[in-house]
Amino acid sequence: MKRGLVLEGGAMRGLFTAGIIDVMMEAGVEPDGLIGVSAGAAFGCNYKSRQPGRAVRYNKRFAKDKRYCSWQSWWKTGDLYNAEFGYHIIPTQYDIFDDKAFEKNPMAFYVVCTDVETGKAVYKQLTECTPTTYDWIRASASMPLASKVVELEGKKVLDGGVADSIPLQYFESIGYERNVVILTQPEGYVKEHNRLMPLMRIALRKYPKMIEAMDKRHHMYNQELVYVYEAEMAGRALVIRPDEALSIGHISHNPEEMQRVYDIGREAGNKYIDRIKEFYECE
């Protein structure tokens, strides 16, 4: 029985997820595989490198640093979250990402991106730490409008949440039978049509399939919520959600706000940790 961990995105709501997975790491819980989307990938990679606390630490440290996330970066580089500083300088100079631990850990690690030319999901397993590895993680979290298209290994990709926001079905399809799924929206949430579609149509006019995927994203997401619920009722998935909407924006420059959302995640992690252990150990 392969045990999986599925992490949806949600930008800064992902600090809720970071709090939960830090509790899991500290408790010695070792899934066989993890798949992360957007912030789920950017923060989830610290599970494979076994670095609890790292995600909230560097986000708080650089919350007000214009090199990390700023409109100045967006104007100069096309990326609101500066690609070079955030994904190549921070992990190698300021808050060191443990490449050796990442590569040594047998847990499989996947990220989800969206191919802008097809509008379809790209599932990429990352096993070695290279600059390209960091860029696949960046691409998964590269939100349309806030980021430029990332070109990697012959593909043009952006935010994985556009094509597959909660990749439980994919993970089951490759053999993960029991999955803990961490969502960043509360029970009862229903995604609505993106109000920024007029801008999306302009910004992504070279990529009609991507525009189509963006236009239908709310339908895809809500259908995936139904699938997750059915898996939960069938006992194949253990789903953890915040009790109420997390009051933090896609972008935050407030370290206290970040810490608060992270702490909510830790509370949820402590609440669920025994259930997680029992769920994974169940034959």
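The values are calculated or read from the model by the stated rules, or taken from the named source; none is laboratory data. Because the structure is a prediction, the values reported are computed rather than measured. Cβ sites come from the backbone with ideal geometry, for glycine too, and all protein chains shown count toward neighbours. Quick note on the areas: whole protein, heavy atoms, side chains included, nothing else; ligands and nucleic acids left out. Shrake-Rupley method; radii C 1.70, N 1.55, O 1.52, S 1.80 Å.
So the values come out like this:
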{"read-out": "Residue that is at negative phi, open to solvent by 10 Å² or more (accessible area, probe 1.4 Å) and part of a helix (DSSP H, G or I), where the choices are Thr118, Thr92, Thr127", "value": "Thr92"}
{"read-out": "Some residue of segment 69-88 being in a strand (DSSP E or B), surrounded by fewer than 22 Cβ atoms within 10 Å (Cβ to Cβ) and over 17 Å from the mean Cα position of the chain (by Cα)", "value": "no"}
{"read-out": "Verdict on Val29 being out of contact with any strand residue (DSSP E or B) (no Cβ under 8 Å at 6 or more places or on another chain), in contact (Cβ under 8 Å) with a residue 40 or more places away in the chain and part of a helix (DSSP H, G or I)", "value": "no"}
{"read-out": "Those residues of segment 183-197 which are without any contact (Cβ under 8 Å) to a residue 24 or more places away in the chain and either polar (S, T, N, Q) or open to solvent by 90 Å² or more (accessible area, probe 1.4 Å) (or both), in sequence order", "value": "Arg195"}
{"read-out": "Failed condition for Gln169, given (1) open to solvent by 30 Å² or more (accessible area, probe 1.4 Å); (2) closer than 22 Å to Tyr110 by Cβ; (3) in contact (Cβ under 8 Å) with a residue 60 or more places away in the chain", "value": "(3)"}
{"read-out": "Residue that is least open to solvent (accessible area, probe 1.4 Å), among those in segment 230-243 that are part of a helix (DSSP H, G or I) and not charged (D, E, K, R)", "value": "Ala231"}
{"read-out": "Filter result for Ala141 (surrounded by 13 or more Cβ atoms within 10 Å (Cβ to Cβ), within 23 Å of His218 (Cα to Cα), of a type outside the set (Val, Ile, Thr) and in contact with a strand residue (DSSP E or B) (Cβ under 7 Å, 6 or more places away or on another chain))", "value": "yes"}
{"read-out": "Selection from segment 130-154 of residues that are part of a strand (DSSP E or B), out of contact with any Lys or Arg (no Cβ under 9 Å at 6 or more places or on another chain) and farther than 16 Å from Ala203 by Cα", "value": "Glu151"}
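Listed here are the residues, each with its yes/no results for (1) of a type in the set (Val, Ile, Thr); (2) modelled with pLDDT of 95 or more; (3) not in a loop (DSSP other than H, G, I, E, B).
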site	(1), (2), (3)
Arg178	no, yes, yes
Tyr189	no, yes, no
Met210	no, yes, yes
His218	no, yes, yes
Val228	yes, yes, yes
Glu257	no, yes, yes
